[in-house]
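Written below as structure tokens is the structure these notes are about.
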Amino acid sequence: MGSRRSLTRPRRVYARRMSAAATVIVYHAIGQHPRGAEQDALYVGTDAFAAQLAFLARHRRVVPLEDVVAGADDSGAPAVAITFDDGFRSVLTEASPLLQEHGFPATAFVTTRWIETDGAVDETEPELLAAEEVAELAQRGIEIGSHGHTHAEVGSLGAATIEADLRTSRERIREITGTEPRYLAWPYGRTSAAGIEAARAAGFEAAFTTDLPTSGAYTITRVPIYRPDGRTLFSLKTSGRYVGLRRHSVVGGAYSVVEPVVSRLRR
């Protein structure tokens, strides 16, 4: 990916002209879910992921996240940015080789406290990235963003508590990669006025929610990709029209079956 700008240099204010066709999609784990895993909807099989990348190569324009923040050009095929949440090892082992085959940029949002486990988790849960693996991802050109330090849901927390968590995350990522993260993905996809204040104070340039319409630089929406998503739904989710259409009774009804279950299992 291109050179990263210093946080001390002025950047354009969040562009209101951001293309309606620019979509940020978010994955979690890639590959076969472990036997007994409760969070299996968060796994997208490697073959399915490869097919989705092939679809993007044929029908979409895959762009770095910074292009969406700045305001992706809305000419041509719909723009899509690829992101991953939590910091699962499969982003390195399964996803990154396939991304490299296509030359696609991507961003991995890592929860820094989980890095300290060095991948040690319950056998029914996906393995986590260790610090050296996060560094390897960065060396492969995948941008590393923050998913907070403790994966705390910020809704009930004060700005000072949130800011401390975010600053810890920023410092740890800087120690690992040599570069402070520019972007933040809110744990559980939600934030608050205090959270937005804290993210700005901590030095993030933008932050990402899920599924709600974008309302500013710290509430840019992303669209989750789940294991049950078929080709038709994936096409819709990357079309630039999904977030608006999800409020339609038909699409919203289908989404409401999956999303609450996934959200509950992630807690």
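Quick rundown of the values:
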{"quantity": "Sorted by Cβ neighbour density within 10 Å, fewest at the top, the residues Thr46, Thr219", "calculated": "Thr46, Thr219"}
{"quantity": "Separation in nanometres of the label points that stand 7 Å from Cα toward Cβ, at Leu236 and Phe55", "calculated": "1.2 nm"}
{"quantity": "Pairwise FRET efficiency - Leu245 versus Glu132, Cβ, R0 = 41 Å, nearest 0.05", "calculated": "0.45"}
{"quantity": "Separation of the Glu116 and Ser215 label points, Cα + 7 Å toward Cβ, nm", "calculated": "3.4 nm"}
{"quantity": "Additional length obtainable on full extension of the chain from Asp74 to Thr179, 0.36 nm per residue less Cα span", "calculated": "34.8 nm"}
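No lab work stands behind these numbers, since they all come straight from the coordinates. For clarity, every value in this text was computed on a predicted model and none was experimentally measured. A quick note on method: Cβ atoms are made from the backbone with ideal geometry, for glycine too, and the neighbour counts reach across all protein chains shown.
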